[in-house]
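J.: My questions will all concern the structure given below.
The values are calculated or read from the model by the stated rules, or taken from the named source; none is laboratory data. Everything quoted here is computed from the prediction, not taken from an experiment. Positions of Cβ are backbone-derived with ideal geometry, glycine not excepted, and every protein chain shown enters the neighbour counts. SASA here: full protein model, heavy atoms, side chains in, ligands and nucleic acids out. Shrake-Rupley method; radii C 1.70, N 1.55, O 1.52, S 1.80 Å.
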Amino acid sequence: MYSASDLKKGLKIQIEREPYIIIEFSFLKPGKGKALYRCKLRNMINGTQLDRTFRSADTFQPANLEEKTMQYLYSEDDGYCFMDTESYEQVFMAADQVGDARNFLIDNIEVEILFYDGSPVEITLPNFVDITVSEADPWAKGDSVSGNFKPVTLATGYRIQVPPFIEEGGKIRVDTRTGEYVARIKG
């Protein structure tokens, strides 16, 4: 059981039988009365956000969450298939649950999946992934008009800006948090 003084950004709590994560937090001490805790919360199942103010006497249940390391297997029309690396049990996640993470899902990548009461609710990718460039325009030496970057398409279909020396078929490292190019992978 959490008390209002335990509230902080990133804490996962249960409100009205739904898991929420605190995305913004502020503490207010008015001149009179008890302290107030203002929070912006995001529902971990459907993504809706709400603002709530709590008093110092309020208590909260921790969200019944479990995190598992899973391996991405394949995608279908209705979702994405992941396999538990310990029990080999397979789980499907809908495309809207996976969200932008789909841009970096390559075969056999290990991800962390958060479960609420046995159902997957959130996916966490590694910070960096190495992805093959599937389409890249050739770079003309001396072409400084277009700048220091050019667009390429990755094997997942994601488009990204990279330095001009990156070629089709090459591998690059991408930061999954920002979606930006980090480095060229040699070999």
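J.: Kindly indicate the residue of the range 76-108 that is under 17 Å from the mean Cα position of the chain (by Cα) and part of a loop (DSSP other than H, G, I, E, B) and also farthest from residue 121 (Cα to Cα) among those meeting that condition.
T.: Of the range 76-108, the ones under 17 Å from the mean Cα position of the chain (by Cα) are 79-82, 92-106.
Cutting the leftovers down to part of a loop (DSSP other than H, G, I, E, B) gives us 94, 105-106.
On the way: 94: 10, 105: 17, 106: 20 Å.
Only one residue fits best here, namely 106.
J.: Is it fair to say residue 121 is farther than 30 Å from residue 171 by Cβ and crowded, with 18+ Cβ neighbours inside 10 Å?
T.: Values: farther than 30 Å from residue 171 by Cβ: yes; crowded, with 18+ Cβ neighbours inside 10 Å: yes.
Answer is yes for this residue.
J.: Against the conditions (1) under 24 Å from residue 42 (Cα atoms); (2) open to solvent by less than 70 Å² (accessible area, probe 1.4 Å); (3) touching a Gly at 6+ places or on another chain (Cβ under 6 Å), where does residue 97 fall short? Just the number, please.
T.: It is condition (3) that residue 97 fails.
J.: Please indicate, with yes or no, whether at least one residue in the range 113-122 is assigned to a strand (DSSP E or B), more than 23 Å from residue 72 (Cβ to Cβ) and either at pLDDT 95 or above or in contact with a strand residue (DSSP E or B) (Cβ under 6 Å, 6 or more places away or on another chain) (or both). Step through it out loud before you land on a result.
T.: Of the residues in the range 113-122, the ones assigned to a strand (DSSP E or B) are 113-116, 119-122.
Those still in the list that are more than 23 Å from residue 72 (Cβ to Cβ) too: none.
No, because not a single residue in the range 113-122 is assigned to a strand (DSSP E or B), more than 23 Å from residue 72 (Cβ to Cβ) and either at pLDDT 95 or above or in contact with a strand residue (DSSP E or B) (Cβ under 6 Å, 6 or more places away or on another chain) (or both).
J.: Go through the range 88-97 and count every residue that is in contact with a strand residue (DSSP E or B) (Cβ under 9 Å, 6 or more places away or on another chain) and without any contact (Cβ under 8 Å) to a residue 12 or more places away in the chain.
T.: Here is the first cut: in the range 88-97, the ones in contact with a strand residue (DSSP E or B) (Cβ under 9 Å, 6 or more places away or on another chain) are 89-95, 97.
This time we only want the ones that are without any contact (Cβ under 8 Å) to a residue 12 or more places away in the chain, so: 89.
Of the residues in that region, 1 qualify.
J.: Do you know which residues across the range 57-75 are part of a loop (DSSP other than H, G, I, E, B), open to solvent by 50 Å² or more (accessible area, probe 1.4 Å) and of a type outside the set (Asp, Glu)? Let's see the steps before the verdict.
T.: Our first condition is that a residue be part of a loop (DSSP other than H, G, I, E, B); within the range 57-75, this holds for 57-58, 63-64.
Restricting the remaining residues to those that are open to solvent by 50 Å² or more (accessible area, probe 1.4 Å) gives 57-58, 64.
Passing the criteria: 57, 64.
J.: Open to solvent by 50 Å² or more (accessible area, probe 1.4 Å), under 26 Å from residue 120 (Cβ atoms), more than 24 Å from the chain's Cα centre (by Cα) and free of Cβ contacts under 8 Å to residues at least 40 places away in the same chain: which single residue out of 16, 24 fits that description?
T.: Values: 24 fails: more than 24 Å from the chain's Cα centre (by Cα).
Exactly one residue qualifies, and that residue is 16.
J.: What is the number of the single condition among (1) open to solvent by less than 30 Å² (accessible area, probe 1.4 Å); (2) out of contact with any helix residue (DSSP H, G or I) (no Cβ under 8 Å at 6 or more places or on another chain) that residue 178 does not meet?
T.: Of the numbered conditions (1) open to solvent by less than 30 Å² (accessible area, probe 1.4 Å); (2) out of contact with any helix residue (DSSP H, G or I) (no Cβ under 8 Å at 6 or more places or on another chain), the odd one out for residue 178 is (1).
J.: Of all residues being among the hydrophobic types (A, V, I, L, M, F, W, C) and surrounded by 13 or more Cβ atoms within 10 Å (Cβ to Cβ) in the range 28-44, which is farthest from residue 61 (Cα to Cα)? Just the residue, please. If you could, list the steps in order and put the result at the bottom.
T.: Applying the first criterion (among the hydrophobic types (A, V, I, L, M, F, W, C)) to the range 28-44 yields 28, 35-36, 39, 41, 44.
Of the ones still in play, those that are also surrounded by 13 or more Cβ atoms within 10 Å (Cβ to Cβ) are 35-36, 39, 41, 44.
Working: 35: 20, 36: 19, 39: 16, 41: 15, 44: 15 Å.
Looking at residues that are among the hydrophobic types (A, V, I, L, M, F, W, C) and surrounded by 13 or more Cβ atoms within 10 Å (Cβ to Cβ), I get 35.
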